[in-house]
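Everything on this sheet refers to the single structure shown next.
The values are calculated or read from the model by the stated rules, or taken from the named source; none is laboratory data. Worth saying up front: this structure is predicted, and the values here are computed from it rather than measured. Every residue, glycine among them, receives a Cβ derived from its backbone with ideal geometry; neighbour counts consider all protein chains shown.
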Amino acid sequence: MRRVALYGVTIAIGLFVSAEYAEWPVNIWCLGLFGWLFIKGEKRERIEMLTVLAFATPMELFFSEVWLIYEYQRGLMPLFVPVGHWFLFDAGRRISNYLPTRFAMASLLPFIPLVAYGVWTGGDTAGLFLLILVLGFTKWGPQPSLYATMAWAALLMELWGTHLANWTWSNEVPWTNLTAWNPPLLVGAFYCLGDLLVNLSVAKFEDQGLMEESE
């Protein structure tokens with residue numbers, strides 16, 4: 001769990017430094033840490049790291065610059081954000097090893113009354129759709145424990161980031177008639193989608209590699 005602790009400290013302190021002082025020291029630390037982990041990692045881990053960047057970077061830019069569902073403190077996405085997705089992904093994966101698959105769905109039950117409250121008050125009507133996505137990923141996805149874990153891990157990270165005003169979620173979701181809290185309660189749905197895409201892509205790379213070796 002030392003790696004998880006390293007990620008946790010990096011995210012917690014990094015977001016504070018970025019919000020209160022400047023982004024550049026956080027960019028340097030996070031990019032340096034990512035590079036160090038990449039160099040010492042095994043082939044599969046390096047593929048995963050690059051795949052996370054390949055998905056996280058355009059998704060972040062789309063959500064913040066095109067869809068405008070949230071806005072960063074200083075406008076454009078900080079450089080530490082894409083690699084931060086790797087930190088959260090790897091931390092969530094390691095933590096999920098302690099969550100038995102049979103308990104994955106049960107761990108999401110506390111979200112249900114909170115989502116119902118958000119819909120009833122009108123403050124987070126998007127929560128219902130995000131909850132359905134998270135439940136769907138957890139029920140039918142290849143890694144139920146990971147998706148359930150990410151729902152909670154992402155929420156904790158988002159609560160800290162929005163509290164510090166590193167970014168702010170729009171209360172009215174553009175292109176829809178939906179509303180959202182800052183942050184949305186089930187913001188983990190976006191992370192679950194990203195994790196699923198990464199896992200499927202890495203599996204595809206591995207299958208392709210096995211085919212080439214067999215030839």
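Brief remarks on what is shown
- Within region 95-118, the set of residues being crowded, with 16+ Cβ neighbours inside 10 Å and part of a helix (DSSP H, G or I) comprises 95, 96, 107, 108, 111, 115, 118.
- Within region 1-37, the set of residues being assigned to a helix (DSSP H, G or I) and loosely packed, with under 12 Cβ neighbours inside 10 Å comprises 2, 5, 9, 20, 32, 36.
- Residue in region 153-175 that is among the aliphatic types (A, V, I, L, M), modelled with pLDDT under 95 and under 20 Å from residue 115 (Cα atoms) present: no
- Subset tally (residues that are of a type in the set (Asp, Glu) and surrounded by 15 or more Cβ atoms within 10 Å (Cβ to Cβ)) for region 55-67: 1
- Counting the residues of region 119-159 that are outside any loop (DSSP other than H, G, I, E, B) and either crowded, with 20+ Cβ neighbours inside 10 Å or touching a residue at least 12 places away in the same chain (Cβ under 8 Å) (or both) gives 27.
Conditions (1) under 25 Å from residue 93 (Cα atoms); (2) out of contact with any Ser or Thr (no Cβ under 6 Å at 6 or more places or on another chain), marked per residue:
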{"residue": "125", "(1), (2)": "no, no"}
{"residue": "132", "(1), (2)": "yes, yes"}
{"residue": "138", "(1), (2)": "yes, yes"}
{"residue": "146", "(1), (2)": "yes, no"}
{"residue": "153", "(1), (2)": "yes, yes"}
{"residue": "169", "(1), (2)": "no, yes"}
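- Residue tally, condition surrounded by fewer than 19 Cβ atoms within 10 Å (Cβ to Cβ) and assigned to a helix (DSSP H, G or I), over region 38-54: 11
- Scope region 115-142; condition on the phi < 0 side of the Ramachandran plot and either among the basic types (Lys, Arg) or out of contact with any Leu (no Cβ under 8 Å at 6 or more places or on another chain) (or both); matching residues: 116, 117, 120, 121, 123, 128, 132, 136, 139, 140
- Among the residues of region 38-53, those that are free of Cβ contacts under 8 Å to residues at least 40 places away in the same chain and not acidic (Asp, Glu) comprise 38, 39, 40, 41, 43, 46, 49, 50, 53.
- When region 68-94 is filtered for residues that are surrounded by fewer than 19 Cβ atoms within 10 Å (Cβ to Cβ), of a type in the set (A, V, I, L, M, F, W, C) and either in contact (Cβ under 8 Å) with a residue 40 or more places away in the chain or in contact with a Cys (Cβ under 6 Å, 6 or more places away or on another chain) (or both), the ones remaining, listed by number, are 68, 79.
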